[in-house]
Structure formats: structure tokens, C-alpha cells
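The next block holds one structure in the form of C-alpha cells; read it before the comments.
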Amino acid sequence: MSMNGTAAYRLHAGPLPQLVERALVSAQRYGFDYSCRPEQGRLLQVLAGGARQRIAETGTGCGVGLAWLASGATPEVELFSVERDPARAKAAADVFSDMPHVRVACGDWTEIYAHGPYDLLVLDDGGQAKGGSAADPERLLVPGGVLVVDDFTPSRAWPPVHAGRPDVARLHWMNHPALRTVDLPLARDLSAVVAVRRTDPAG
């Protein structure tokens, strides 16, 4: 979830997927301003197109990121997202009420373990290793599956830094032995960690 993410769409040039527009209306109605930004959304839409069976997300918010994912995924792919706030979970579920292959649950992020493994996993709240627990990609991803962790600040240094210190969360994913990982700049002030679960023994 990005600070001022919902407001960022006011400056967005070009059309948006209809489902994303529907989710934005919900976010604006509920005064939720931490939606994923358009730059993140376009990345999620593209990556969702490569999923074969299942996609999961933590931190649904009001459903904007999930709408980008659903807009990119093929109809046979199941999407599961978990949101800890009951009001936001209800708002997001309403956005997808006519899409039986998209499910929003209210609960802790760890509920994703019960429905995997996934072709694509987006950690937008719990499981990011940002001051809390880290999701286990070997349990949650199929071999070759893709992991996305949002909302980093671009860093040209190694090790990557945030607020003048080594970025422990980003280093967790960059150095994970089960993953091949890249820190992908999306805007001058925004990057995402994108990783693929290795299909070969880590070496």
C-alpha cells in the first residue's frame, strides 16, 4: 500500500481498466488513500498474465491492486486476497462480487498459506519482512513462481539503503537462497522487489 496511492490516479494519463476504476471509486468513497500506485498496478497487471492457476495478495485495502491483478489474469486463474480490516475487506469484496474466481478474506496475512502454492504472490502488507514476519516463498510459490514486494525507495547503493541505513527487508529478499531477485525501479521515488522461485538448487 502506497502513501497517497489513491490520489496518484488524479495525475494518471490514459485509460484505466474498468475494474480498477470500480475499485478506485470504492477507495475514494471510504477515504482510503493507500492504494497501489498506477506504476505498481501496471506491473501487477503484466505479471498476472503469466499466472496459470493461482494468485494471492496480502493487504487488499479497497481492492485497487487486486483489480489490476484481476484485469491481467486469464479467467481460469483463481485470485485470493486477505485484508485485516473488516470494513476494507467488505468494500473490496463488493468490488468483485460478480467475479466468483476472485475472493477477498478478512483476516491475518498468514491465511495465504492455506490456499497456495501460487504462481504469483504480491506482498502488499503482511509477510514483507518490513519489521515483521517474512513469508516463506518455498511454501507459497510453485517452482518458477513470482514474488512481488511493493513500496521500496530506489537505491543505487549496495547494500541498498533506506533512511540512511541498510534496508534489512530488501536485503532479506535480495539474498534469499530460494529466489532470483531484482530491485525494479518503477518511478523516481518507487521501486518493487520482484523475485522468481528458483527451479535449480541454490548455489
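Tell me, which residue of the stretch 123-153 that is within 17 Å of the chain's Cα centre (by Cα) and assigned to a helix (DSSP H, G or I) is farthest from VAL82 (Cα to Cα)?
Among residues in the stretch 123-153 that are within 17 Å of the chain's Cα centre (by Cα) and assigned to a helix (DSSP H, G or I), the one farthest from VAL82 (Cα to Cα) is PRO137.
Since GLY132 meets every condition but one in (1) of a type outside the set (Val, Ile, Thr); (2) open to solvent by 70 Å² or more (accessible area, probe 1.4 Å); (3) farther than 13 Å from ARG54 by Cα, which condition does it not meet?
That leaves (2) as the condition not met.
Select from the stretch 154-203 the residues that are free of Cβ contacts under 8 Å to residues at least 24 places away in the same chain, open to solvent by 40 Å² or more (accessible area, probe 1.4 Å) and either among the acidic types (Asp, Glu) or not in a loop (DSSP other than H, G, I, E, B) (or both) and list them in ascending order.
Within the stretch 154-203, VAL161, HIS162, ARG165, PRO166, MET174, ARG180, VAL182, ASP200 meet the criteria.
Select from the stretch 48-80 the residues that are within 13 Å of the chain's Cα centre (by Cα) and among the β-branched types (Val, Ile, Thr) and write down the one among them that is farthest from VAL142 (Cα to Cα).
Looking at the filtered set, the residue picked out is VAL64.
I'd like the residue in the stretch 98-130 that is hydroxyl-bearing (Ser, Thr, Tyr) and free of Cβ contacts under 8 Å to residues at least 40 places away in the same chain and, out of all such residues, is farthest from PHE152 (Cα to Cα).
Looking at residues that are hydroxyl-bearing (Ser, Thr, Tyr) and free of Cβ contacts under 8 Å to residues at least 40 places away in the same chain, I get TYR113.
The values are calculated or read from the model by the stated rules, or taken from the named source; none is laboratory data. Not measured: the values here are computed from a predicted model. Here the Cβ is made from the backbone with ideal geometry for all residues, glycine too, and neighbour counts use every protein chain on show. Accessible surface areas use protein heavy atoms only, side chains included; no ligands, DNA or RNA. Shrake-Rupley method; radii C 1.70, N 1.55, O 1.52, S 1.80 Å.
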